[in-house]
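Values quoted throughout were computed directly from the atomic coordinates according to the rules given, and no laboratory measurement underlies them. All figures in this text were calculated on a predicted structure; none of them were measured in a lab. All Cβ positions, even for glycine, are placed from backbone atoms using ideal geometry, and neighbour counts span all protein chains on display.
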Amino acid sequence: MKASELLSNPSAGMIYFASKKAIDDKSFGEEIAGHIFSENTEISRNALSIALHSSIIGKDFIGKNFYRILENYNEYNDDDFRSLTLSLFNKAGVPEKKEMLEKLMILCFSEMRRKTKHTILKINAMDVLLKISEQLHEIRGELFWQINEQIFLNQPEFREKAEIVLDKLLSMEHEQK
């Protein structure tokens, strides 16, 4: 089965199958990764899902395709797609270039402030910001205050994750001193 056929009408079982196949067959994995930039939101979302399950995308892919990833992120007004994209950064890693980190940081802070009931999206944004703060230490204070501001405005799942992230931020600061 071709990746394009699978991505246009997948079932949960097929996504699992495709994830396993992408791990074993590098060319199939590359074909799946190429569909992340599809003009069709559903195909792109399915490709992201398979990429996340199979871990076929790493920091190299992120570095080479960062601006295309952000373009898709901004183009699709779909919180599920955006959440998957942020999950990709959580799993594959954030870029190393400061300019890219700053753009991603701005995007994630805006997601945390945006009024949405998509709790997973906000949690993913918070996780990406935590990863960024490992490289850009200067954002830790801002992240700490943003989380504190959002903690009571969001769902219990967000609060639970926020407490964990706040603890990590405090321990990172303590280790740095």
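Tell me, how many Å apart are the Cα centres for region 38-88 and for region 121-156?
Value for the Cα centre distance between the two parts: 21 Å.
So which of Lys59/Lys117; Lys26/Lys98; Lys117/Lys161; Lys97/Lys168; Lys20/Lys131; Lys59/Lys98 end up more than 20 Å apart by C-alpha?
Where the Cα-Cα span goes over 20 Å, the pairs concerned are Lys59/Lys117; Lys26/Lys98; Lys97/Lys168; Lys20/Lys131.
Working only with C-alpha atoms, what are the Rg and Dmax values of the chain, expressed in angstrom?
16.8, 55
Full extension from Glu138 to Gln176: what is 0.36 nm times the residue separation minus their Cα-Cα distance, to one decimal in nm?
Difference between extended and current length: 12.5 nm.
Between Ile106 and Ser11, with labels modelled 7 Å along Cα→Cβ, what's the label distance in nm to one decimal, could you check?
The two pseudo-label positions are separated by 4.5 nm.
What distance in nm separates the two pseudo spin-label positions at Asp24 and Leu70, each 7 Å out from Cα along the beta-carbon direction?
Roughly 3.9 nm, to one decimal.
Sort 169-175, 74-80 by packing, meaning the average of other beta carbons within 10 Å per residue, with the highest value first.
Result, highest mean first: 74-80, 169-175.
Test of understanding: ordering Leu136, Leu107, Leu121 by Cβ neighbours within 10 Å, fewest first, what list do you get?
Placing the least packed residue first, the sequence is Leu136, Leu107, Leu121.
For region 1-59, evaluate the Debye formula with one uniform point scatterer on each Cα (no solvent term) and list log10 I(q)/I(0) at q = 0.16 Å⁻¹, rounded to two decimals.
Each listed q maps to, in turn, -0.37.
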